[in-house]
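Step one of this worksheet: look at the structure below.
Nothing in this text is a laboratory measurement; each read-out follows from the coordinates by a stated rule. Because the structure is predicted, anything quoted here is derived from the model rather than measured. Quick reminder, even Gly has a Cβ in these numbers, built from the backbone with ideal geometry, and neighbours come from all protein chains shown.
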Amino acid sequence: PLVVSLPMLEQYFYAQGREWERFAWLKGRVIADSGTASRQARDDDEAALARIVGPFVYRRYLDFDAIEALRALHAKVRAQVARRGARDPDAFDVKLGRGGIREIEFIAQLFQIVRGGQDPTLQGRRTLETLEALAAKGLLPEDESEALARAYRLLRRTEHMLQYREDAQTHRLARDREQREAIAAMLGMPVTDFDAAIDECTEQTARIFDRLLAPPEENGDAPEAADAAQAPDPETARRFAALREGTRYRAARAETRAAIERLLAEAVRHGTGPAGLARLVDLLEAICRRPGYVALLDRFRDAFARVLRVLDWAKSPAEYLMQHPVVLDELLDGELLEPQDYAAWSEQLRERVEAATHDGAPDVERQMDLVREAHHAQVFRLMVQDLEGRLTVERLSDHLSELADRVLGLVVGLVWSGLRLRFRDTPRFAAIAYGRLGGKELGYAADLDLVFLYDDADERAPEAYALLAQRVSAWLSTRTAAGLLFDTDLRLRPNGQSGMLVSSLAAFEAYQNDAAWVWEHQALTRARFSAGDASIGERFEAIRRSVLARPRDRDRLRDEVRAMRARMREGHPNRSDRFDLKHDRGGMVDIEFIVQFLVLAHSGEHRPLLDNAGNIALLGRAGEFGLIDAALAQRAADAYRRYRRLQHQARLDGVAARVDPDSVADERAAVRALWGSLFGAD
């Protein structure tokens with residue numbers, strides 16, 4: 001029918017909507033109405049239409065399956081152009097021809113359809129604005145974006161001049177010199193420059209189009225036939241057979257099953273080990289229902305080779321990939337191994353999240369998913385860089401800690417903007433990081449130890465900031481369809497679990513000066529401002545340094561630190577014959593307690609010890625000041641560095657961080673000697 005109701009349109013989309021219609025509706029907009037309804041009624045109708053069209057055009061996952069649909073649509077266009085051009089084979093169709101307007105639009109629409117569901121800022125209707133956005137987001141190289149924009153402008157102007165001159169809806173630029181000279185003159189160009197510009201822009205467009213959209217056959221790397229892959233050993237053969245007999249595999253489309261067989265065969269040829277092949281089977285089973293991901297791996301073999309390396313590398317990264325297959329998209333980034341600008345990344349994410357609305361109001365569920373997906377993607381990038389040996393454990397932790405800071409800052413702003421009790425534009429509120437995040441030693445799956453502070457005299461502040469702290473914690477720790485962001489631990493706040501969820505800065509200072517236990521001051525040595533109001537962060541740091549540097553009875557301090565260490569050891573008994581890198585005598589916690597004691601006992605006289613510079617640096621400073629033997633301090637620092645590497649590898653392998661005691665005998669001896677020099681024999 002020529003006219004349909006909105007419910008009928010929605011039913012059609014879900015039951016019969018075809019891929020090419022998604023591209024057509026991408027540019028659809030309301031241009032007229034009957035004029036009999038009120039403005040509010042028209043706005044409501046347009047909003048209802050957008051709610052129906054949006055999910056049809058833009059999928060909430062990365063829709064790589066759309067690539068094949070766009071290729072098929074392009075093939076039909078090319079066939080149509082060939083039929084039309086049979087009568088005038090020398091003419092060039094500026095709209096539908098090779099390297100023409102439509103190919104530029106297809107390139108822009110490819111990214112919009114694939115990524116628009118995840119990034120609402122890519123849902124615009126203007127091609128030039130989309131190209132600019134793609135370059136700004138790093139999705140398309142800047143030089144290619146500019147080349148496509150220049151080509152689009154030239155070809156559009158040429159199209160307009162053709163239609164003006166011929167007074168007809170034509171797009172065909174003949175080889176006739178008279179016509180070309182006339183069009184060039186209308187554009188203010190010599191005909192030789194015009195011909196050269198047309199050739200250059202169409203060649204550039206065609207080259208970029210082929211890189212992104214040409215079928216594998218055109219690129220000379222067509223996948224092999226989809227014969228059943230042969231497993232290299234009986235156990236792998238059993239896993240392959242179980243996959244094929246599973247309901248997900250059998251329910252998949254024929255082309256998806258064929259792609260899976262090609263991927264299995266490629267993995268065997270690649271020499272992937274038994275553990276990696278088993279993890280690949282799990283991954284393929286997990287993404288069977290998302291044929292776009294299977295198509296991505298089948299199409300981009302370099303990306304698939306990197307996936308195989310991740311699967312073969314260790315258990316935890318492989319499990320991360322299976323839990324968050326959306327991160328597969330990162331493998332297509334040509335700058336995957338390059339350092340990330342987290343300031344720019346967080347700003348782009350903020351724009352995407354703020355654009356996620358429903359009926360004009362923030363779509364909180366979608367916003368939570370967007371932040372989780374973006375964070376997962378960045379963590380996976382770091383995993384790949386870690387796999388490729390680009391990062392030390394220390395540098396990796398720096399990246400993960402900064403990433404957490406940026407996410408936390410974004411979440412504080414988002415939650416406050418939607419808070420019912422909000423009474424000012426920017427909250428005077430800060431998140432203080434303790435523990436691993438505070439010491440910038442965050443791992444791939446560490447909790448966030450947080451304390452929330454505010455500095456606001458408004459009578460509404462206590463209630464509003466308490467609700468903000470509660471919502472931020474829930475926002476971070478709620479598991480959504482996109483997974484978990486962070487678990488949070490708020491027990492280090494003043495008075496622990498019985499204390500207020502958020503403290504005023506004045507109350508925090510009074511507590512630290514008058515009521516805090518020694519162990520709380522030990523924790524304070526690793527605390528730092530993480531996100532929120534930077535001025536509160538500066539005042540917190542001044543309080544921290546003042547509390548840590550105050551004079552203490554060193555003998556009493558020594559006894560309390562030693563007693564606390566004994567209680568911690570009792571809480572983590574090790575009944576195995578292997579050395580626990582973290583909790584056993586001579587391990588990481590001993591080093592941390594040594595540093596904390598040195599800071600609390602001597603930072604009043606040696607102010608550089610107040611810096612939150614990390615255990616290794618602070619051991620070196622203590623040695624320079626003569627507080628401990630410098631050579632022994634270096635040995636203990638080297639031990640801590642090695643312990644962290646071993647712990648990191650154990651976590652990647654998904655096993656307990658325990659090793660053969662003899663393999664770290666020198667490290668244990670150094671730490672025990674340094675402990676004994678400060679606290680005496682255990």
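The magnitude of the dipole of the chain, with charges of +1 and -1 set on the Cβ of Lys/Arg and Asp/Glu and taken from the Cα centre, is near 1080 debye. Under a 5 Å amide H cut-off, with hydrogens placed 1.01 Å from N, HIS358 pairs with ASP363 among residues at least 5 apart or on other chains. If you wrap the Cα atoms of segment 554-679 in a convex hull and average its projected area over all directions, you get 7.7 nm².
Given R0 = 51 Å, the distance between the Cβ atoms of ASP193 and VAL3 translates into a calculated FRET efficiency of 0.55. What is the angle, in °, between the Cα long axis of helix 191-213 and the longest principal axis of the Cα atoms in the chain? Nearest 10 is fine, range 0 to 90. The helix 191-213 is inclined about 50 degrees to the chain. Packing, taken as the mean count of other beta carbons within 10 Å per residue, orders the peptides 188-195, 530-537 from highest to lowest as 530-537, 188-195.
If r is the Cβ-Cβ distance from ALA75 to GLU459 and R0 is 41 Å, what FRET efficiency results, to the nearest 0.05? Once rounded, the FRET efficiency stands at 0.05. Select from PRO362, LEU73, TRP517 the residue farthest towards the positive end of the dipole of the chain; place +1 on Cβ of Lys and Arg, -1 on Cβ of Asp and Glu, and compute about the Cα centre. Most positive-ward Cα: TRP517.
Of the listed pairs LYS76/LYS137; LYS95/LYS137; LYS440/LYS582, which have alpha-carbon separations greater than 24 Å here?
In this structure, LYS76/LYS137; LYS95/LYS137 exceed 24 Å between Cα atoms.
Across segment 568-682, Cα pairs under 8 Å and at least six residues apart give a relative contact order of 33 percent. Cβ crowding within 10 Å ranks ASP45, ASP386 as ASP45, ASP386, fewest other Cβ atoms first.
Between helix 630-653 and the chain, what is the angle of the helix's C-alpha long axis to the longest principal axis, kept within 0 to 90° and rounded to the nearest 10? The angle comes out at about 40 degrees.
Amide H to amide H distances under 5 Å link LEU448 with ASP487, THR488, ASP489, where only residues 5 or more positions off or on other chains count and H is placed in the peptide plane. Considering only ASN574, LEU484, GLY537, the residue lying farthest towards the positive end of the dipole of the chain is ASN574, judged by Cα position with unit charges set on Cβ. The distance between label points at VAL30 and ALA228 comes to 5.6 nm (points 7 Å beyond Cα on the Cα→Cβ vector). Here each label is just a point 7 Å from Cα along the line to Cβ, and for ASP514 and ARG479 those points are 4.3 nm apart.
Length available on full extension from ARG175 to GLU146: 0.36 nm per residue minus the Cα-Cα distance, which gives 7.7 nm.
With charges only on Cβ, +1 for K and R and -1 for D and E, what is the dipole size of segment 105-194 about its Cα centre, in debye, rounded to 20? With Lys and Arg at +1 and Asp and Glu at -1, about 180 debye. Each label was represented as a point 7 Å from its Cα along the Cα-to-Cβ direction; for GLN470 and ASP555 these points are 4.9 nm apart.
Determine the relative contact order of segment 249-300: mean sequence separation of Cα pairs under 8 Å and six or more apart, normalised by residue count, in whole percent.
Here the relative contact order equals 52 percent.
Sorting SER546, SER397, SER346 by the number of Cβ atoms found within 10 Å of their own Cβ, with the fewest placed first, yields SER546, SER346, SER397. Computed on the chain, with alpha-carbon pairs under 8 angstrom and 6+ residues apart, the relative contact order is 8 percent. Along segment 247-254 the Karplus relation, 6.51 cos²θ - 1.76 cosθ + 1.60 evaluated at θ = phi - 60°, assigns HN-Hα couplings of 5, 5, 5, 5, 7, 5, 5, 4 Hz to successive residues, with x for each Gly and Pro.
Remark: ASP590, ASP456 ranked as ASP456, ASP590, counting other beta-carbon atoms within 10 Å and listing the fewest first.
With respect to the chain, whose longest principal axis is taken over its alpha-carbon atoms, helix 665-679 is tilted by about 50°.
The simple Förster model, with R0 at 25 Å and r as the Cβ-Cβ distance, assigns ALA542 and LEU501 a FRET efficiency of 0.60. Just going by the charge dipole of segment 1-55, with Lys and Arg at +1 and Asp and Glu at -1 on Cβ, which of VAL53, TRP20, MET8 is farthest out on the positive end? Farthest towards the positive pole: TRP20.
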